[in-house]
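Nothing in this text is a laboratory measurement; each read-out follows from the coordinates by a stated rule. Everything numeric here is computed off the predicted structure, so don't read it as measured data. Glycine gets a Cβ as well: all are built from the backbone with ideal geometry, and neighbour counts include every protein chain shown.
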């Protein structure tokens with residue numbers, strides 16, 4: 001560095017726009033998104049301005065830091081810094097744009113060319129941004145992604161709609177606060193307007209709040225609701241699937257004669273006859289299969305009924321006692337689809353032969 005800068009004290013050296021830190025190089029300044037055209041020019045320009053301001057090099061693109069015509073050493077330092085800024089700009093634009101500005105001598109001239117090529121007029125830009133505010137919608141995406149899209153448009157609108165500098169008085173402060181509140185409400189309405197219909201109930205609740213929440217608070221509430229739906233949605237789907245599976249089994253086992261689900265048609269009392277204790281036994285001409293009568297070719301101490309699926313057997317005394325218990329349960333039941341009927345139906349499945 002030249003003696004002109006070395007003779008200054010240390011803080012002044014670091015603040016000098018001609019100072020380059022040893023770590024500065026062609027790749028030491030990067031932006032998240034390269035310039036590709038007018039559609040992202042304003043966002044790119046803002047990112048470059050922030051990066052250059054951290055290195056105290058904004059004056060090179062604005063033309064406020066000029067090349068010395070009297071001191072060759074200072075002129076050489078200026079050339080070094082100017083070329084470094086050009087390298088940073090070339091590295092932050094697309095390949096086609098970089099080729100078009102490769103042979104421009106100064107960073108300020110490059111900046112001016114890019115501004116003329118890609119900066120839309122305020123009228124056209126404002127129209128497009130306002131149109132985007134009402135065109136953007138959630139469309140099945142997450143709340144965070146949707147809010148981020150809206151936020152980008154709002155921030156760019158604020159950058160375009162610059163208010164003049166005025167002397168602030170208490171009356172103007174009150175006016176500006178009211179203006180900002182109206183702007184926040186307008187943005188809240190825009191944000192809620194683009195939500196998916198599944199958030200319609202929560203949108204109504206937000207609009208009924210007094211005072212209205214800020215758009216950031218509304219976004220936070222919607223994200224909480226979204227998280228709960230994701231958390232409990234899988235459990236709800238799983239339980240619904242299990243319930244549906246159970247219903248399929250019920251329909252499959254449903255009797256086609258009497259309509260009850262608790263026995264197959266081949267064991268229905270309407271088909272094979274009601275037992276002796278059942279009130280409908282006499283109404284149907286006593287068609288019931290009397291399980292408590294004597295059985296041919298069988299000794300009295302033998303079993304009266306056998307279960308097809310096992311070796312369980314009953315003595316006559318046990319069978320009579322069981323029938324009396326079932327009849328008592330049947331009489332205490334309010335209707336035929338009560339517990340007594342269900343138990344009797346299950347018992348008949350085993351006691352009544354095919």
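Numbers at a glance
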read-out: Gain in span if fully extended, residue 134 to residue 104, counting 0.36 nm per residue against the direct Cα distance; value: 6.7 nm
read-out: Extension gain from residue 68 to residue 212, taking 0.36 nm per residue of separation minus the Cα-Cα distance; value: 46.0 nm
read-out: Cα centroid of the range 56-102 to Cα centroid of the range 150-221, whole Å; value: 40 Å
read-out: Global form of the range 140-216, assessed from the alpha-carbon gyration tensor, a/c cut-off 1.5; value: oblate
read-out: For the range 19-149: rounded, prolate or oblate by the Cα gyration tensor [a/c cutoff 1.5]; value: prolate
read-out: Sorted by Cβ neighbour density within 10 Å, fewest at the top, the residues 257, 101, 89; value: 257, 101, 89
read-out: Projected label distance in nm at residue 204 and residue 32, using a 7 Å step from Cα toward the beta-carbon; value: 3.7 nm
read-out: Efficiency of FRET between residue 227 and residue 165 - r from beta-carbon atoms, R0 51 angstrom, step 0.05; value: 0.70
read-out: Sites residue 321 and residue 266 - FRET efficiency at Förster radius 25 Å, r taken between beta-carbons, to 0.05; value: 0.35
read-out: Contour excess over end-to-end distance, with Cα ends at residue 39 and residue 178 and 0.36 nm allotted per residue; value: 46.8 nm
